[in-house]
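Remarks on the structure that follows.
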Amino acid sequence: MAKTQKKTQKKAQKTQKRASKSSDRPKAPPSIATAEYKQRVAKAQERMEAERLDALFITSEDNYRYFTGFQGPVWQNLTRPRYCIIPRVGDPILIVPTSNAVICAETAGWIKDVRMWIAPNPKDDGVSLCADALKSFATKFKRIGAELGPESRLTMPVGDFLRLKDRLAPIEVADGDWMVRQMRLIKSEAEIKLIRHVCQLVSFAFEGLPKQLKPGDTERTAAEKFQTEVLRRGGEKIVYLVATSGRGGYPCINMSPSDKVLKKGDVYIIDTGVSYEGYYCDFDRDYSFGKPSDAVKRAYDAVWRATAAGIKAARPGATTADVWRAQAQVLADAAGLPLTKEGFGAGRFGHGLGLRMCEPPSNNPEDHTLIKPNMVLTIEPGIPFVVNGEKKILVHEENIVVRENGAELLTRRAPREIPVIPC
């Protein structure tokens, strides 16, 4: 009987260990299917016809990946640009350096028309190939859409883009980015699963961090511990990392970690953008070294409640300005101040999220984007306060997806009270 009990206990321990590992590292969802890329192209082509565009000219990493599935670390190399042309009718064309041939075949193999040149070639880094292809498509409307709108980026030399425009004349090169932005506002279930996955694994890393932090760590070593946890749990790239601190609160959020030693009385924040298969999370967590002051408690309480208000306000039919207002009202009440459009100087309290860490829209009083189901947003209130004559700030952030009945958390909600590191 005793042997049987021991076997049962060992079996239970193994099961518990496996379950712990499973929750420690969430199971990854499937990649985006080829069929979805084809659907995106087809949808863009419908809009191109309505907007009188003969083709879309794509150069940025996120839009390139959105339409084709092409992925690789090559985007960090500015020596070799790459291009995608989506014609009004037919399959996309990839124009890439010969060094990208294998990447095309492995990650975007469904696209058969791949045109290449040997790069680098500063005299003609793919410009002639792009001009010839675009001219062949610009036969009906004589208009090409390029990434020229707000928050867009051309991932090619500006000089080459100007030369391309000259070679295309009199064909008009207009902004086509706004159309792509509208498409990307609404996420598919496959996209939402990837965003939820990276939000969850980073949430677990945040939750486990207090046990690893101790007085005497520097901002940099504390950040290293967090990054190690993120990578161990399955994160792919940590493209953004804010890690800063201050006594009784930090003076600014957008700071890289330094060699400053963390000690009793400090408040430490990590804000991160981590990607998984190209899709991002973007949220932060605060930690108090030793018992937090009353001012920190009040500020943390205010941003936590403002976050709750923003999550509640993010419903279909509302606007991003409504989401801002819900957060700003809580902060104004907490600070004993009137509600104004300045919003405590933050400019916005959150934004869109997806293949970029920061996507449109913005949760601010001037952005009246209508919220629809399957939009993914960050909720990010911040409140300034004064400690011993010094201006401090506390910021909080969560990631959500909007559903028919309201918002659904993608991150694991931050603790109701600020986590304390014993000192």
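Quick note: the coordinates plus some simple rules give every number you see, no bench work behind them. Everything numeric here is computed off the predicted structure, so don't read it as measured data. Virtual Cβ from ideal backbone geometry, glycine too; neighbours counted across all protein chains shown.
Among 233, 88, which comes first, second and so on when ranked by fewest other beta-carbon atoms within 10 Å?
233, 88
Would you mind getting me the FRET efficiency between residue 293 and residue 112? Use the beta-carbon distance for r and R0 = 45 Å, nearest 0.05. Write out the running numbers ahead of the final one.
Details: r = 63 Å, r/R0 = 1.41.
For residue 293 and residue 112, the calculated efficiency is 0.10.
In the Gaussian network model of the chain, springs joining C-alpha atoms below 10 Å, which of 127, 239, 323 carries the largest mean-square fluctuation?
Looking only at 127, 239, 323, the biggest GNM fluctuation is shown by 239.
Roughly what % of DSSP beta bridges within the chain run antiparallel, to the nearest 5?
Details: 48 of 62 bridges.
For the chain, the DSSP antiparallel bridge percentage is about 75.
Given R₀ = 25 Å, what would the calculated FRET efficiency be for residue 420 paired with residue 236, taking r from the Cβ atoms and rounding to 0.05?
Details: r = 31 Å, r/R0 = 1.25.
My answer for the efficiency is 0.20.
Just 33, 174, 309 to compare: in a GNM of the chain, with alpha carbon springs under 10 Å, which one fluctuates most?
33
For 322, 175, 125, what's the fewest-to-most ordering of other Cβ within 10 Å of each Cβ?
Going from sparsest to densest Cβ surroundings: 175, 322, 125.
Considering the alpha-carbon set of segment 188-421 alone, what are its Rg and its Dmax in angstrom?
Calculated on Cα positions, Rg and Dmax stand at 16.8, 49 Å.
For the chain, set up a GNM with springs between Cα atoms under 10 Å and report which of 301, 177, 124 has the largest fluctuation.
Greatest mean-square fluctuation among the candidates belongs to 124.
Restricting to DSSP loop positions (anything but H, G, I, E, B) with no more than 15 other Cβ atoms inside 10 Å of their own Cβ, which trypsin sites (Lys or Arg not before Pro) remain in segment 269-374?
In loop regions of segment 269-374 (DSSP not H, G, I, E or B), the sparsely surrounded trypsin sites (Lys or Arg not before Pro) are 341.
Net charge within 15 Å of residue 174 by Cβ-Cβ distance, Lys/Arg positive one each and Asp/Glu negative one each, not counting residue 174 itself? Walk me through the numbers on the way to the answer.
Details: positive: 47, 52, 88, 140, 142, 143, 165, 181; negative: 49, 51, 54, 147, 172, 175, 177.
Once positives and negatives cancel, what remains is +1.
Can you give the translational diffusion coefficient of the chain in µm²/s, computed by Stokes-Einstein from the Kirkwood radius over Cα pairs at 37 °C and 0.692 mPa s?
Numbers: Rh = 23.6 Å.
The Stokes-Einstein estimate is 139 µm²/s.
Could you please report the charge total around residue 72, scoring K, R as +1 and D, E as -1 over all other residues with beta-carbon less than 13 angstrom from its beta-carbon?
0
Give me the distance in nm between label points sitting 7 Å out from Cα along the Cα-to-Cβ direction at residue 259 and residue 132, one decimal.
The modelled label-to-label distance comes out at 5.5 nm.
Could you work out the relative contact order of segment 253-293, using alpha carbon pairs under 8 angstrom and six or more residues apart, expressed as a whole percent?
Answer for segment 253-293 is 42 percent.
Give me the one-decimal nm value for the distance between modelled label points at residue 91 and residue 220, 7 Å along each residue's Cα-to-Cβ direction.
Taking the two extended label points, one gets 5.0 nm.
Compute the FRET efficiency between residue 52 and residue 190 as 1/(1 + (r/R0)^6), taking r as their Cβ-Cβ distance and R0 = 41 Å, and round to the nearest 0.05.
Once rounded, the FRET efficiency stands at 0.85.
Could you sort out which of 341/392; 225/312; 260/391; 341/391; 43/372 sit more than 26 Å apart by Cα distance in this structure?
225/312
Give me the Kirkwood hydrodynamic radius of segment 34-184, using the inverse of the mean 1/r over all pairs of distinct Cα atoms, in Å to one decimal. Numbers along the way, then the final one.
On the way: mean 1/r = 0.0656 Å⁻¹.
When all Cα pairs of segment 34-184 are included, the Kirkwood radius is 15.3 Å.
How much of the DSSP beta bridge set in segment 34-184 is antiparallel, as a percent to the nearest 5?
DSSP beta bridges in segment 34-184 are roughly 40 percent antiparallel.
Using 12 Å as the cut-off for backbone N distance, which residues of segment 163-188 belong to the label zone defined by a point 7 Å from the Cα of residue 142 along Cα→Cβ?
Residues 169-173 qualify, since their backbone N sits under 12 Å from the label point.
Divide, for segment 216-326, the radius of gyration over alpha carbons by 2.2 N^0.38 Å, where N is the residue count.
That works out to 1.22 for segment 216-326.
What is the order of 229, 151, fewest Cβ neighbours within 10 Å to most?
So the ranking, lowest neighbour count to highest, is 151, 229.
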